[in-house]
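The values are calculated or read from the model by the stated rules, or taken from the named source; none is laboratory data. All values derive from a computational prediction rather than experimental measurement. No Cβ is skipped: glycine too gets one built from the backbone with ideal geometry, and neighbour counts run over all protein chains shown. Quick note on the areas: whole protein, heavy atoms, side chains included, nothing else; ligands and nucleic acids left out. Shrake-Rupley method; radii C 1.70, N 1.55, O 1.52, S 1.80 Å.
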Amino acid sequence: MRSHEEATAVPRQAVRLLPPAGTPTAPRRGSDYAQLSRQVKQAGLLDRRPRQYLWRITVTALLMAAGWAVFVLVGDSWWQLAVAAFLAVMFTQAGFLGHDAGHRQISGSRRASYVLGILLGNLGTGLSYGWWVDKHYRHHAHPNTEDADPDIMMKVLAFTPAQARASRGLSRIAFRYQAYLFFPLLLGEAFSVHVASIRYAASRARRKPAEAALLAIHFAAYLTVIFLVLSPVKAVAFILVQQGLFGLYLGASFAPNHKGMPILDAADRSDFLRRQVLTSRNVRGGWLTDLALGGLNYQIEHHLFPSMPRPNLRRSQALVKEFCQQRGVSYCEASFGGSYAQALRYLNTIGRLPRPAPAG
C-alpha cells in the first residue's frame, strides 16, 4: 500500500484502490467493514445522544436569537458588521446540526430528522434541507469518484487532470490559479447554495410545500428585518459580510475532508471500508477543533458510520485507526493548517497541468 504522500504527489486520471475489480461495493457479511461495524456497535458508539443534541440545539438557537436581538438594538450603525460576522458563525453552527439531522444522528426517526432538518436548514439558514440531503448522500455513496461525486464536479474548480486539461479560455486561466482563488471563491458559496436551494424548493413545491414555505419565510424575514433596521448601503454591506463569511466558514469546514485525497475512476470496485477511508482525511485537534468544524474533522469515522452521533466520533477514532492499521489501510491525519496545505498543493498541481499535445 502506497503512502498518502506517494498517492497525492503526482495527479492521475484516477486511482484504483484495493481490492481489485469485481469486489462488491456494498458492505458484506464477513468483510472488514462488517467486523469493524460489530466492534463499533458493541462499544455502544452508534447509540444516539439526545441530551447532548438537545443542549447543542438549544444553545445554538439562543445564540442566534441573541445575535438578531443585538442587531435590532444596535440600530443603523456600521458596528452591525461585527454582528454580521457573529451571525455567520451561528448560521454555520446551525448548518452543522442540520447535517447531523440529515444523517439521523440526532434521532432515528425519519420524520423527526426531517422536521429538525427543515427547521435548521430552510427556516434557520435559508439552505434547502432536501437539496442538501440529495447532494450529500450522493457524495457519501461515491466519495472522490469521477462523474459520481457532486463535490468534485464543480465548474469553478478542477479536481482531476481530465477536468483541467479539458478546460479552455477563462476556465483554463482560472484553474491555473485555483489554489490562490480557492478561499476568495468560498466567499460566494452561500449565495450559490441559496440559489440552488430556491431552485430545488420551487421545483418540488407541490410535493414538499413545507420546505418551500419555510425557505420563503426565512428570506422574507431576513431581508425585511435588515432593510427596516439599516439604511440601504449598510443593509447591502451587512448581507455581503454575513453571507460571505457564512459561505467561507461553511466551505472551509468541508474543504480539508477530501480535497487532495485519491480520486477514484467511475469503474472502481473497492470495498466499502477502503473506499471511504482512503478518500478521507481527518484533522487533528482538541475540543475547539471539534466545535469549529462541527465534528467534520473526524471525516474517516463519519464516512464509515454516517449515523454515528457527533459526540461519539472522537471516542471511536482510536478503535477505527487501530483496525485500519492492522489491515494495512492508510489512515490519513493532518494538522488544521496542514490539511489546507495538502488540499491547496493538490489544487495547484492539478491546475498547472499542461494541455495534451495535439494528435499527429
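Every residue in the range 130-162 that is closer than 17 Å to Leu181 by Cβ and open to solvent by 30 Å² or more (accessible area, probe 1.4 Å), please.
Met154, Lys155, Val156
Report whether or not Leu116 is free of Cβ contacts under 8 Å to residues at least 60 places away in the same chain and surrounded by 22 or more Cβ atoms within 10 Å (Cβ to Cβ).
yes
Test Pro311 against the stated conditions and say whether it is assigned to a loop (DSSP other than H, G, I, E, B) and in contact (Cβ under 8 Å) with a residue 12 or more places away in the chain.
When the stated conditions are applied, Pro311 does not pass them.
Look through Ala94, Ala7, Ala34, Ala101 and report the one residue that is open to solvent by less than 30 Å² (accessible area, probe 1.4 Å), at pLDDT 95 or above and within 28 Å of Ala266 (Cβ to Cβ).
Ala34
Please find, among Thr289, Thr279, the residue that is among the hydroxyl-bearing types (Ser, Thr, Tyr), within 16 Å of the chain's Cα centre (by Cα) and not in a helix (DSSP H, G or I).
Just a single option satisfies the conditions, and that option is Thr279.
State yes or no: is Gly67 at pLDDT 95 or above, in a helix (DSSP H, G or I) and open to solvent by less than 30 Å² (accessible area, probe 1.4 Å)?
yes
May I ask you to say which residue of Arg199, Arg165, Arg206 is over 30 Å from Tyr222 (Cβ atoms) and either buried (at least 19 other Cβ atoms within 10 Å of the Cβ) or basic (Lys, Arg) (or both)?
Arg165
Regarding the range 280-296, can at least one residue be identified that is modelled with pLDDT under 95, under 19 Å from Tyr346 (Cβ atoms) and open to solvent by less than 10 Å² (accessible area, probe 1.4 Å)?
no
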